[in-house]
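The block underneath contains the structure these notes are about, expressed in structure tokens.
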Amino acid sequence: MSTSFTTSSPLASRGVEPNLRHAFGGIWRISYRRVLSGKMSVLWTAVVLAGLTYVSSRTGNHASFYEWTIRVYLTTVIPILAFMGGAGAIREDMKSGGVDYLLTRPVPRPAFVVARFVSHLLCAQATCLLPFAAVLGVGVLREIDNLAATWPTLLLAQVLAMTAYMALGFMFGSMSARYLILAVNYAAIIEIGLGKIPIALNNLSVLRHLKSLLEPIVSDPGAAAFEMQGVFTTVAFLTVFTVAWLAVAAVAFSLQEFAGQRPKDA
């Protein structure tokens, strides 16, 4: 009688099944620990922004306060911080240490990118509440009396700007280590170029949507450079941008060839 040895163990053939919930938990812990390690930088950022807001505004002058808050803080500082944070996060995961973590866990790469984005975004949104509060605090100090009516719109603009530009950072960061060059070209062609042309293609500009949302806050509506649009329209456009850019980031990250870290010699 012959004995067959072709039957394999069901556990051996099945391998380790991915657990996305556990994977997200691990990625979340990595993200918030990195944020906590840089809590002093967040504090100093809030202090610097508060000082710049104070010197850029005048007591009781709505125009000077919103000129700084909208034109500089919400549509320049926040987009830069969000983009750099997103691109830096995904590039950090593509280094040898992060690659070793990724390759030793049965988690699909697109799921890893989405979990990393959501974790980093939540941490960034939480930490940016302090600078936002600092800017509003200066507004109270400067006696800008309509802050109670405008701060929800300002906060919404900050949340939307951070979400969209962080997704853009993830996309460019997953595509190339020279993501700053890609960002400069994007800003020149889309944000500065198409965003200021009164044609349908200007809808591709994130800043155009943010400024259209914020135009009702400007003291002089007649001087508005952007057509005002509703909150739903702005949220819809920027959500589409975020999903599309994150999808491209997931695809680009999945196509990367990772080698991992070389073993250390004894």
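Some notes on this structure:
- Complete set of residues in region 25-84 that are surrounded by 18 or more Cβ atoms within 10 Å (Cβ to Cβ) and not in a helix (DSSP H, G or I): Ser57
- Residue within region 146-162 that is of a type in the set (A, V, I, L, M), more than 29 Å from Val114 (Cβ to Cβ) and surrounded by 15 or more Cβ atoms within 10 Å (Cβ to Cβ) present: yes
- Identity of the residue in region 109-147, among the hydrophobic types (A, V, I, L, M, F, W, C) and in a loop (DSSP other than H, G, I, E, B), that ends up modelled with the highest pLDDT: Cys128
- Residues of region 148-184 classified as part of a helix (DSSP H, G or I), of a type outside the set (A, V, I, L, M) and over 21 Å from Lys211 (Cα atoms), total: 5
- Identity of the residue in region 213-228, buried (at least 17 other Cβ atoms within 10 Å of the Cβ) and in a loop (DSSP other than H, G, I, E, B), that ends up modelled with the lowest pLDDT: Phe226
- Where a residue in region 240-258 is of a type in the set (Lys, Arg) and exposed (fewer than 12 other Cβ atoms within 10 Å of the Cβ) and its partner, wherever it lies, is assigned to a helix (DSSP H, G or I) and at pLDDT below 95, with Cβ under 6 Å and at least six apart: none
- Output for region 229-264, where each listed residue is touching a Gly at 6+ places or on another chain (Cβ under 8 Å) and modelled with pLDDT of 75 or more: Ala249
- Tally, over region 29-83, of residues that are over 26 Å from Ala249 (Cα atoms), of a type in the set (S, T, N, Q) and touching a residue at least 12 places away in the same chain (Cβ under 8 Å): 7
The values are calculated or read from the model by the stated rules, or taken from the named source; none is laboratory data. Since the model is a prediction, treat every value here as computed from it, not as a measurement. Note that we place each Cβ from the backbone using ideal geometry, even for glycine, and neighbour counts take in every protein chain shown.
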